[in-house]
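Colleague: Following this message is one structure expressed as C-alpha cells.
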Amino acid sequence: PILGKQKGLHPDYIAHCLNIVFKRQSPIFHNSKFDMQFLQRYGFEIPNWNVTLIQSYLVSFGHSHGLKELAMRIFGVELTPFDQVFNTEEMPLLFNDGSFLTSPVEKQASYACKDTLITLMLHKHFLKEMEKDQVNNLKIRESYTSVAFVDTHEFKIDILKAYENLEL
C-alpha cells in the first residue's frame, strides 16, 4: 500500500524518512535477499540489518527455516500463506510498478503486520538462544555477520558446513 498507487505518502518521502531511521536502528528481515532487492530499488539505504533466516540456521538444524514453519514450531502461530493474500500471477507487477492490483489493501496490511511481528519475535528468540552459550557467542555472531553479508550478495554457501568448521 505504501509504494502502490493507492492514496498515501509519496515513496520518495517514505524512503527519506526511513533511511534516517535505518542509520540509527538496524531493521530485521527474515529473507533479506528478497527484502533488500525490493527496498534498494525504491531508494532505501540500509547499512546494517539482521536476518532471522540465518539466525535460525545458526541456532538449530534439521527442520525447515521458513518464516511460517518457524512461527508454528516455536510459537504455535499459524501465518497466512502468501498465495491466499496475493495473486501470485501478478508478482511481476510488484517489480514493475510496486503494486498488487487485485489484492485488497486491508489484507496486505494484516499479512504484513503479522509477518513483521513474528519476525521480531523470532529475532528476540534467536538472540536469547545465542546468548545461552557465552563461550561460543562471539564466534556465532562473527559467523552470522559474515553469512548475512554473503547472503545479500547472492553467493551460495553451505551454512551447515560453515557452522561445522567454526573453531568453537
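The values are calculated or read from the model by the stated rules, or taken from the named source; none is laboratory data. Keep in mind it's a predicted model, so treat the numbers as computed, not measured. Cβ placement follows ideal geometry from the backbone for every residue including glycine, while neighbour counts extend to all protein chains displayed. Remember, those area values only see protein heavy atoms, side chains included, never the ligands or the DNA or RNA. Shrake-Rupley method; radii C 1.70, N 1.55, O 1.52, S 1.80 Å.
Colleague: Per-residue accessible area for Lys23 at 1.4 Å probe radius, Å² rounded to 10?
Modeller: We get 140 Å² for Lys23.
Colleague: Show me the ranking of peptides 51-63, 34-46, 74-86 by mean Cβ neighbours inside 10 Å, starting with the highest.
Modeller: 51-63, 34-46, 74-86
Colleague: In terms of solvent-accessible area of protein heavy atoms at a 1.4 angstrom probe, what is the ranking of Ile118, Ile28, highest value first?
Modeller: Result of the area sort, largest leading: Ile28, Ile118.
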